[in-house]
Structures are given as structure tokens and as C-alpha cells.
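Worksheet: one structure, shown below.
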Amino acid sequence: MSPCSRDARLFWILSASALIASGLLLLILVFLAKESWPVIQNAGLSKFMRSDGWYPTEGAYGLLPMLAASMAMSALAIIIAAPLGVASALFCRFYAPPLISRMYRWAIILLAGIPSVVLGLWGLTVIVPLILAVSPPGTSLLAGSIILALMILPTVALTTEAALAAVPMTYWQGAAALGLSKEATILRVALPATAASIYAGILLAVARALGETMAVLMVSGNVVQLPSSLFDPVRTLTANIALEMAYATGDHRASLFVSGLVLTALVLALAAGARRSGGQIVHA
Amino acid sequence: MRESRAFDLSSPRAAWRDLSLQAAAWFAAAIVAGMFLWLLFDLLWHGAARVDWTFLTTTPKSSGRSGGIAPILASTLLILFVAIAVAAPLGLATAVLLSEYTRREGRLGQMIGLSLDVLAGVPSIVVGLFGNAFFCVWLGLGFSILAGGLTLACMILPILIRTTESGLRQVPDEWRLSAEALGMSRATILIHVLIPVAAPALIAGLMLGIGRAMAETAALVFTSGYVDRMPASFLDSGRAISVHIYDLTMNVAGGDKNAYASALVLIALLIIINGIAVALADRALTRRVSAA
Amino acid sequence: MTKSTGSEPGQNKPAPATPFTVSPIVAGPTCCVPECQIRIEDLAVSYKGVPAFKDVTLDIYRGCITAFIGPSGCGKTSLLSSINRLTDMIAGCSVEGLISIDGQNVRDPTLDVRALRRRVGMIFQKPNPFPLSIRRNLEMPLREHGLTNRAELDSRIEKALKDVGLWPEIHGRLDAPALALSGGQQQRLCIARALVLEPAVLLMDEPCSALDPLSSGVVEDLIESLRGRYTVVIVTHNLAQARRIANYAAFFWVKERAGTLIEFDFCRQLFEAPKHELTAAYVNGQRG
């Protein structure tokens, strides 16, 4: 075979692969829409935003309690994880002795790699009984938030640390020349300079929290209700899909696909926000 | 003049602020490290006692409360095999197109890249929904190892492509130019030079993808299913190890002990895979430096 | 219609492009029977609309060494890579004008670029052997062009290595990695890799500038030894080197933000009796 025709064939194979890979997203969206369509046609989208509860077999598709639970849990998780994550990054970069810093960083990376189902297992057997001792039933919004916080903390810590590492040396020298203390430099120079990246990291972490299923499913009790306290059991959008998909049929099944679409829209909006403020989709 | 006093070390307010920031950093680190060690300790404490050769090589008994995880490991490996066998060639080819035939700032490359980044952001449970609707129902694969593996392939494709692409882009242009100047085909230079040079980076990306796939649960629950028998073919339902942990925790009273043991096995596998990935990435880096 | 470029009025405009033909009466090296092999007419190259050089017309003579000299950024490398159409690789690069080698139009869209590049070898500034064994480096281009006979491959490789003087140094370790060679050896290997395809023309883009002085001298001697067998076009910043090895020299300068050919002549003529004041200033080290 001549080199030219070989190259032409190579190009076609590559193009076909790229077409499949980039068409996959479209295929996923099309299939989600296709599977959702029956219930949208029968019931209309407005039904999903009504507050008459989630009884999909009886035609009541109120997603609001679960949407609220998802958002509340993610918000709470990031309220816990963001300060801890940023402080972890500061600790790692500025305070820890080199050896401890290395070990700590290694621990954070390992934490990022722990499968969510393992975190869920640990949450259910360790955290939930502790919460139960304070206020039953233990499986609750709080338990879900704590486990989620543990899960997304590495995202915040690692993006913050990477951003701090990228602060130009001249800033530090300039601050030192002005006689600023280390803390003053961190607070007034380093953190403001990296604010956009930290913010992007936080948005990505929230997106991850919203999309997380297993850990949340295992520790948060799965009762469809608007949470009124930290100790209420709640069901998130993701948990709902995982719980009911096994047996759902007809419009019920279709309504789960609608909740999947809603979830995807939320997560992608956050990821887009993160991208715009200079963050990158963190693959690790 | 007044502002500058705020930075003054001797001012008691500044000194207090400096001290409290330092304390906060140590305190946060202590909490995080404490939680992490607690988690690790629990995993080892509950799991280590049960993990032995018998556990790895026997079948689960009484819904997994006792017995081992041999069929679960087999299913996990088969699902991974399907996912990698599909995603790796597809990912490699797409990455080659992105790095060799499109410019980073070019329209086509940007569009493919954007669609991959969006795909990477889709929650795994939603990928699972798609897998169920497309592979299980529409293609008629049912709850099977094949359907689960294909679903995971969709999930890890973006990370495979992005790591492979960046690995290839790091190969210096001089070899492409000299090959071109010698009238050689792009296929030859790719196969004999570019891909071998980028291989450590490619394998590191592959390992990352395998790690991601192995940790995944949500996308598998309703694509590859729950059946904990030893799979006989790719069309059998098979229970992945992460699904096994989930099932033991949630649906089997008294399954905690074996759940912890399985979790320990899963994490050990992940650490091994991750270690390989890091070592290879380091090697890719040193190789690049020595080649320059 | 004329754009204000800040040049002073009354300064003599560049002469309308005429081929710089050299009368054969002027004495030159004996090897050099001036027979035009590469003809370049009104050539212009631009990147995304920004011209690199324009209005270049010159002839390159068979079997001679032609040096392109001039300051950085005056389009010498662009000119060189438009001869083997390596400019095709660069996005946004457009070429206008005529280049022909032995009467064949290089810019013909139906031309087999691979065949062209087989006839026109190129050596880059930085030695860039493939990260393979020495043997594979030389073998790959040959196999690519359809030669698979083991004995023939070996004899071609041996011949190319002998041509560049590497054979005595490395014939015992042909399977060692090419990147383990020294910089000068790597560059000679790259030249051997071009020669193994038996090209007619060799384009060299500052082949010695990334090497230490000793290796640079060895490579320079090698280039000189190619005279007569190959048509060599060499871009160099080293004026002394150009003076030592070239038969012809072309001097480029940036005018109106684009590279322009100022003077083309016998090398000795250009250095000793330049016709243009810019050339005189440059070769005497007063400008550039």
C-alpha cells in the first residue's frame, strides 16, 4: 500500500472515531430526551415543578423536594469543604514542614481516589450512628453533607494548591520588600490573586456534589420531603433515580429520565460557570 | 500612612490575625487528616481480618454475608475489559486526530474538545440512565457485562482522550517535521515514533481511566446488574465489586464485615493502579527531559 | 496608494524584480558549471496575511553550494521550506510565485509531495534523529519509499554513513539508540538520513548553529564534501562559514516589514565587492 493511501485511510479512521466520540454527548442527550418525552407529552413539564409530592405511579411528579434536598446537601457540603479545603492548601504550602506537607498532600490525593461507595459504607457504619445518638434517625441531610464534604474537599484543596503554586515569585518578593508578614501576604496578595481559580474549584466541587449518587444514597435516609432540619432524612435527585430505576416502568420511568435531564442541566451550568472563571474540568 | 499600619507586625491586631490564620490552617489540616486516618483505620480494622486468599477465591454465601468475592472480581475484570477494549482504541484515535490534525485553537478541535469536556461533566448516574436506555433496552443487551462495560466506556472516554492528547502534544514537533521532510507518511511516524514516545503518558491516562471505572457504582447498578454468580459470557449479568459493596451495605443485614473486606480489596487495587499511573507519568516526564 | 512606512523620501526604491543572473565569465569554482536547477520567480510567502518575504527571484545552480545570509526574520527559512513544500504543514501559510526544480513546477497541486521530498532532503537547525536505533533511523525512510531488500538496505545504510564519515565511529553499534550520540554525530546522522534516499537537492537550515565549535567544523567539512554531488542550499548566520563553503550567496534584508532579496552573486563577489550598500554594511559587520 502506498504511503498516500495509507494516510488517507488513517485519516478516515481517525475522523470516524472522533465523530463517534464527540457524537456520544449528542446521543446521550437525544436518548435522555427520547425517554423523557412520553411523560412530558402526557403530563407536561409544569407538573414537575408542582408541590403535590412525588407519587409517580399516580401522576404526581413534584421534583421540588428532591431538588431542594440536592441543593441543600451540596450547599452544606461546600460550606464545610471550602474553608477546610482552602485551609488545607495553605497548610500544605506555607505551614507544614516539607515531610508532613508531602504526606498530607498524598493523603488528600488518596482521599480523592476513595470510591464514593466506600465513603458511603463508612458514613453509614460510623457517622450515621454518631448522628443517631444526637437526634434520630441518623440517616440525614447532615450525614449526607459530611460525607459529600469529605468527597469534594480534595477538589477544592488541590485546585487551590495548584493556583497558589502558580502565583508568581515576584509577588512574594514584592510583598517581602514591603515588609509584609507571611500571613498578610497570604491574605492580601496570594488569595486575592488566586480568587478566580479557587472560585472555579469550588463550583466544580459543587457540581461533583450535585451529581454524586452512591454516598448520598447510602447515608441520607431517602425520604421524599422538604428538609426542615439538619437531622431530617432526605432524598436527592440522584438517589431517587438509583432507587426507583430498578422497577420503574412507563411514565414513571420517563419521569426519572426527566429528573436526569434536570440534574444534568444543573451540573453543566455549574461546570460552565467554573470554566468561565478560569477553571478546568478536573479529571483527577 | 494609616493603611500601612495595618501591615505592621508590631501592631497587636496584625499579630493576632497572623496567629489565628496559622492556627486555622493547622486546625483544618488536623481535622482533615483526622477524618482520613479514621476512615483508613476503620477500613483496615474491619476489613483486613477477612481478606485472605480464600476470600478472593471463593463464591459469596448467604447473599454475601460470608464466603468470598471470586465471581465479583471476575465480573469486575470483565466489565473493565469491555470498557477498555472499546474506549482505548476509540480514545487513542480521537486523541491522534485532535493532536495531529487539528490545531489547539482551531474550530474543529475546540468543538470536539468542548463536547468531551461536557461529556466528562455529565453525572455518572445520568450516564447510567443512558446506558440502560441505549445499551440494555434499545440495543437489547439486557442487564449484562457488555452493557455495563459499554456504559463505563462512555464515562471514561473523555479522560482517556484528554490525557492521550496532551501526551501526544508534548512530543516535540521536530520529529514530525523531519519525518515530513523525508517524505514519510503520518501513519509511519505515528506508529514508530510519536506513539512509542508518548506511551508512558498514554498508559498513565489508561490507568486513570481504569481507576475511575473501577470506582464507579451508580452507572453500573442498572446496566450490568446485581447477579453475583460467576459470569459465563459477556451477555450475563455480573456484579461489579463496587455494586457488591453497595448491596452488602444497604440490602443485606449483617453484610458490613464483608462489605469492608471488599472495600479494602477495591482500594488496594486502586492504589496499585494509581501507583503504576504515577510511576509511568514520572517516567514520561524524565524521558521528555532527557530527549530535549 | 502607497502606505507610509516611515522610510525617507528619495531613498532609492528596490529595483523591479529581475532575475539575478550571473554571467558565466566571472571565474568561479571549477566544479560549478552554472546550470540552473532550481528556479524561483516572484516568490512570496505570508503567514496569516503577514508577509515573511516577497518578490524573491533567483536561480540555484546544480552541484553548487548556495548560502542564504541575512539577519533573523527576513524569510530565509521560509524560503527554504517552500522549496520542499514544508510550508504546507503550517496552517495559515500561503505561498505565491513560481518554484521549479529541473523544470518541474513544485507548487503544482497534483505533484506527489512525497516524491518531491525524496528528491529534496532537508536538515534542520537542531539535530533531530528519531528516538530509535541508528539503524532504524536510516532504514525507516528507505522502507517507507518501498525498499525492503535486507542486503540492499544494509549497503545503502553503510554507504550513507560512510558519506558522512560516521561509519568508522559507529559501525559496531548500529543498534545503539541514536539519541546517545553526541550532538555533532546526531547532526551527521540526520544528514546521512537525508542522503540515504539519494536526493538531488539538500536544504540546510543553519545546520551548525546548535553544535559546539569542534562538531561544527566537522559538519562544515562534510557539507563542503557534498559539493558537486548534490545541490546544497544552506541558511547560515555564520558569515565566515558562508564565505568558506559557498559558491553563491544571496543576501536578504527586511524592507517594508517583509524580507527581500537584496543581492545575489558569486560568494566571493558578494563578500569582496558587494554592489549594494546594505550588503556591504552587513558583510562588514556594520549592520544586522
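State whether one or more residues within the range B:150-163 are open to solvent by 40 Å² or more (accessible area, probe 1.4 Å), over 30 Å from B:Val193 (Cβ atoms) and within 10 Å of chain A (Cβ to nearest Cβ). No, the range B:150-163 contains no residue that is open to solvent by 40 Å² or more (accessible area, probe 1.4 Å), over 30 Å from B:Val193 (Cβ atoms) and within 10 Å of chain A (Cβ to nearest Cβ).
A quick yes/no check of all residues on (1) at pLDDT 90 or above; (2) in a strand (DSSP E or B):
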site: C:Met204; (1), (2): yes, yes
site: C:Leu214; (1), (2): no, no
site: C:Glu220; (1), (2): yes, no
site: C:Val233; (1), (2): yes, yes
site: C:Ala250; (1), (2): yes, yes
site: C:Phe264; (1), (2): yes, yes
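Quick one: how many residues across the range A:138-161 are part of a helix (DSSP H, G or I) and more than 18 Å from A:Ile109 (Cβ to Cβ)? Full working, then the answer.
So in the range A:138-161, the residues part of a helix (DSSP H, G or I) come out as A:141-161.
This time we only want the ones that are more than 18 Å from A:Ile109 (Cβ to Cβ), so: A:141-148.
Residues meeting the conditions: 8.
Just one of the listed residues (A:Arg253, A:Arg188, A:Arg275) is under 29 Å from B:Phe130 (Cβ atoms), within 11 Å of another protein chain (Cβ to nearest Cβ) and surrounded by fewer than 20 Cβ atoms within 10 Å (Cβ to Cβ), namely A:Arg275. Of the helices (runs of 4 or more DSSP H) lying entirely inside the range A:62-127, those containing at least 1 residues that are under 30 Å from A:Ile40 (Cβ atoms) and not small (Gly, Ala, Ser) span A:64-90.
Going by the conditions given, is B:Ala198 open to solvent by less than 20 Å² (accessible area, probe 1.4 Å) and within 12 Å of chain A (Cβ to nearest Cβ)?
When the stated conditions are applied, B:Ala198 does not pass them.
Restricting attention to the range A:166-185, the residues being surrounded by 13 or more Cβ atoms within 10 Å (Cβ to Cβ), without any contact (Cβ under 8 Å) to a residue 40 or more places away in the chain and in a helix (DSSP H, G or I) number 7. Which one of the conditions (1) within 7 Å of another protein chain (Cβ to nearest Cβ); (2) open to solvent by 10 Å² or more (accessible area, probe 1.4 Å); (3) touching a Leu at 6+ places or on another chain (Cβ under 7 Å) does B:Asp117 fail to meet, given that it meets all the rest? Just one mismatch for B:Asp117, condition (3).
Check whether at least one residue in the range A:28-50 is within 14 Å of chain B (Cβ to nearest Cβ), open to solvent by less than 30 Å² (accessible area, probe 1.4 Å), in a helix (DSSP H, G or I) and free of Cβ contacts under 8 Å to residues at least 24 places away in the same chain, and report yes or no. Checked against the condition, which is being within 14 Å of chain B (Cβ to nearest Cβ), open to solvent by less than 30 Å² (accessible area, probe 1.4 Å), in a helix (DSSP H, G or I) and free of Cβ contacts under 8 Å to residues at least 24 places away in the same chain, the range A:28-50 yields at least one hit.
For the range C:23-46, a tally of residues being at pLDDT below 90 and open to solvent by 70 Å² or more (accessible area, probe 1.4 Å) returns 6.
Looking only at the range C:169-187, decide whether some residue is open to solvent by less than 60 Å² (accessible area, probe 1.4 Å), out of contact with any helix residue (DSSP H, G or I) (no Cβ under 6 Å at 6 or more places or on another chain), in contact (Cβ under 8 Å) with a residue 60 or more places away in the chain and outside any strand (DSSP E or B). No. For A:Ala8, state whether it is over 30 Å from B:Ile31 (Cα atoms), assigned to a helix (DSSP H, G or I) and either open to solvent by 40 Å² or more (accessible area, probe 1.4 Å) or more than 10 Å from chain B (Cβ to nearest Cβ) (or both). Considered against the rule, which asks whether it is over 30 Å from B:Ile31 (Cα atoms), assigned to a helix (DSSP H, G or I) and either open to solvent by 40 Å² or more (accessible area, probe 1.4 Å) or more than 10 Å from chain B (Cβ to nearest Cβ) (or both), A:Ala8 comes out as yes.
In this structure, is B:Met207 closer than 30 Å to B:Ala70 by Cβ, modelled with pLDDT under 90, open to solvent by 10 Å² or more (accessible area, probe 1.4 Å) and within 12 Å of chain A (Cβ to nearest Cβ)? Full working, then the answer.
Working: closer than 30 Å to B:Ala70 by Cβ: yes; modelled with pLDDT under 90: yes; open to solvent by 10 Å² or more (accessible area, probe 1.4 Å): yes; within 12 Å of chain A (Cβ to nearest Cβ): yes.
Against the criterion (closer than 30 Å to B:Ala70 by Cβ, modelled with pLDDT under 90, open to solvent by 10 Å² or more (accessible area, probe 1.4 Å) and within 12 Å of chain A (Cβ to nearest Cβ)), B:Met207 qualifies.
Taken together, the residues in the range B:164-173 that are of a type in the set (Asp, Glu) and open to solvent by 40 Å² or more (accessible area, probe 1.4 Å) amount to 1.
Criterion first (over 17 Å from B:Ser66 (Cα atoms), out of contact with any helix residue (DSSP H, G or I) (no Cβ under 8 Å at 6 or more places or on another chain) and at pLDDT below 90) does B:Ala253 satisfy it? Before you say what the answer is, go through the steps one by one.
Values: over 17 Å from B:Ser66 (Cα atoms): no; out of contact with any helix residue (DSSP H, G or I) (no Cβ under 8 Å at 6 or more places or on another chain): yes; at pLDDT below 90: yes.
So B:Ala253 fails the test.
Looking at B:Val265, B:Val252, just one residue is among the β-branched types (Val, Ile, Thr) and away from every other protein chain (no Cβ under 11 Å), and that residue is B:Val252.
The values are calculated or read from the model by the stated rules, or taken from the named source; none is laboratory data. Remember, it's a predicted structure, so these values are computed and weren't measured experimentally. For neighbour counting, all protein chains shown are included, and Cβ atoms are generated from backbone atoms with ideal geometry for every residue, glycine included. Side chains are part of the model used for accessible areas, which takes the heavy atoms of the whole protein and leaves out ligands, DNA and RNA. Shrake-Rupley method; radii C 1.70, N 1.55, O 1.52, S 1.80 Å.
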